[in-house]
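Reading through the structure tokens given below for one structure.
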Amino acid sequence: MKITTKINLLTTAWMLCILIIINFVVYFLFMQTTVNMEEDMQYQKAGDILKDIDGKQTSNEIEETFRDHLTEHSYIRIMGPNDKMMYQVTNDKVLAHKIKGNFTIKKQAKTHIISTEHGEEQILIVHVPMKNDNQSLEIGERLVGLEARKETLRAIMIMCIILAAVLSLLGGRWLASTIMRPISNMIKTMEEIETSGVPKTIPIENKAKDELQTMAQTFNRMINRILENLTKQSQFVSDASHELKTPLTVIKSYANLLRRHGIENKEIAEEAIQAIHSEATRIQKMTETFLDIANLEKENVLEMIQVNLVTLCQNILKQLKDVYKREITLQYDHDPIIISADELKIKQVIIILLDNAIKYSNGKIQVLIEQTDHHAIIKLKDKGIGIPEDEIDQIFERFYRVDKSRSRETGGSGLGLHIAKSIMKLHKGEIKISSKEGAGTEAVLIFHR
Ligand SMILES: Nc1ncnc2c1ncn2[C@@H]1O[C@H](COP(=O)(O)OP(=O)(O)O)[C@@H](O)[C@H]1O
Ligand SMILES: [Mg+2]
């Protein structure tokens, strides 16, 4: 069964239940109050009659008074002890015959249900004791009006229930389809995505801030992210192929040179082999970097441990100083300075930054480690060529290099800072670079503790 039908039927059923209960209550309250009202009227009448017959002795006189007070379908009688009927006046013989009189010394009213040729009927009987303790006045009357009103009320109520059911079914259908429209749209879009294989967003029509709207928006955000990633990926593939093209062209042209001039020309051969080797190494390094980037895009790649930044930097500096023979100083205000991080990845970030400092400067390089209440900060300063102000924002982009022509001699690929930023992002940390052209560059890593 469709969910819309289910909602519709359930709401209708529930509404009918409520309606039926309310109708029952209304019906019984109506009957109760009407009978009470009739009862009050009868007592009133009985009081009047008692006043009128006061002092009248002859049966003629009394019956005359009774007749004056007689309403339709009723009787008025006086009962004596042992249920002996003293006087009676009636305009409904059948009724008077059916209801036996009752002597009582209490004021009391009751309703009888008797069956008649038309079905069932209610009779209201009131008893009022008379001054003379041996007699009581009894008035009986068919509640004809009540019967008629009861019928009408019942008919109205049944009509109301039927009307409510129809309206509820129609309204329910409309309501369910309104509620379900965004879901139907979503299903349609999903089916389209499934068949075409192309992610697309759901058109959002109304601007109501409900759960379905939120659901559609979340779906759209998810799709937009997928689309973004897809473009990023294809951009990366084309950038990467472009980067690989240059060394491959170099390798190919040297290979051609070797083929044409042969191995006889020893000088050329040596140059060619040298170039091919260095370009192949470049390609190898580059592909390693690509793999690094691919791994960083996956989530949960970090292996978090407690890392002492001071020891980590000391070790890195020792290694680099041995290789590059450069002056690199290390200062720190505390030891240890502990953060929780993926040690290898943080090491990679520091090496990327130091590598840049070494490549783009000649003088002394400074590394400072600081600690505040909530942060650990590493600063790397060089006095090198610096970065032009208008390019600082771009240096974190993939393959971005300030001086494209220099990359050959410095061996950069423009991926270092991009990787560093991705790693810092995974650590929920920050990387900032400030620089003055010709004066030097400062890179700052901020870790939250
Ligand atoms: N310390 C620095 N001094 C001067 N320029 C820098 C420095 N660090 C980065 N850059 C500039 O930012 C560019 C991007 O850096 P990076 O992503 O590490 O790529 P690369 O592989 O070229 O080192 C570099 O090509 C360089 O132009
Ligand atoms: Mg670099």
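The values are calculated or read from the model by the stated rules, or taken from the named source; none is laboratory data. Since the structure is predicted, the reported quantities are computational estimates derived from the model, not experimental observations. Positions of Cβ are backbone-derived with ideal geometry, glycine not excepted, and every protein chain shown enters the neighbour counts. Just the protein is used for accessible areas: all its heavy atoms, side chains included, with ligands, DNA and RNA removed. Shrake-Rupley method; radii C 1.70, N 1.55, O 1.52, S 1.80 Å.
With respect to the conditions (1) assigned to a helix (DSSP H, G or I); (2) touching a helix residue (DSSP H, G or I) at 6+ places or on another chain (Cβ under 8 Å); (3) touching a residue at least 40 places away in the same chain (Cβ under 8 Å), Lys285 lacks only one, and its number is (2). Taking (1) open to solvent by less than 20 Å² (accessible area, probe 1.4 Å); (2) free of Cβ contacts under 8 Å to residues at least 12 places away in the same chain in turn, Ala155 satisfies each apart from (1). Scanning segment 357-409 for residues that are free of Cβ contacts under 8 Å to residues at least 60 places away in the same chain, more than 30 Å from Gln331 (Cβ to Cβ) and under 41 Å from the mean Cα position of the chain (by Cα) turns up Gln394, Glu397. Looking only at residues in segment 182-205 that are touching a helix residue (DSSP H, G or I) at 6+ places or on another chain (Cβ under 9 Å) and outside any loop (DSSP other than H, G, I, E, B), the one that is most open to solvent (accessible area, probe 1.4 Å) is Met190.
A quick yes/no check of all residues on (1) in contact (Cβ under 8 Å) with a residue 24 or more places away in the chain; (2) closer than 30 Å to Arg282 by Cα; (3) loosely packed, with under 12 Cβ neighbours inside 10 Å; (4) over 21 Å from the mean Cα position of the chain (by Cα):
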site	(1), (2), (3), (4)
Met159	no, no, yes, yes
Leu167	no, no, no, yes
Ser177	yes, no, no, no
Lys207	no, no, yes, no
Arg221	no, no, yes, no
Leu227	yes, no, no, yes
Asp239	yes, yes, no, yes
Thr249	no, yes, yes, yes
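Starting from residues that are exposed (fewer than 12 other Cβ atoms within 10 Å of the Cβ) and of a type in the set (Val, Ile, Thr), keep the ones in segment 321-374 and report whichever is nearest to Asp403 (Cα to Cα). The residue in question is Val323. For beta carbons closer than 7 Å, sequence separation of 6+ or different chains, a first residue in segment 300-316 that is free of Cβ contacts under 8 Å to residues at least 40 places away in the same chain and on the phi < 0 side of the Ramachandran plot and a second that is of a type in the set (S, T, N, Q) and crowded, with 18+ Cβ neighbours inside 10 Å, there are no qualifying pairs.
Within 28 Å of Ile338 (Cα to Cα), in the same structural domain as Leu330 (by TED's automatic domain parsing), away from ligand 2 (no atom under 13 Å from the Cβ) and loosely packed, with under 14 Cβ neighbours inside 10 Å - does that describe any residue in segment 382-405?
No: zero hits.
Listed here are the residues, each with its yes/no results for (1) modelled with pLDDT of 90 or more; (2) assigned to a helix (DSSP H, G or I).
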{"residue": "Thr11", "(1), (2)": "no, yes"}
{"residue": "Trp14", "(1), (2)": "yes, yes"}
{"residue": "Ile20", "(1), (2)": "yes, yes"}
{"residue": "Phe24", "(1), (2)": "yes, yes"}
{"residue": "Ala46", "(1), (2)": "yes, yes"}
{"residue": "Arg67", "(1), (2)": "yes, yes"}
{"residue": "Tyr75", "(1), (2)": "yes, no"}
{"residue": "Ile78", "(1), (2)": "yes, no"}
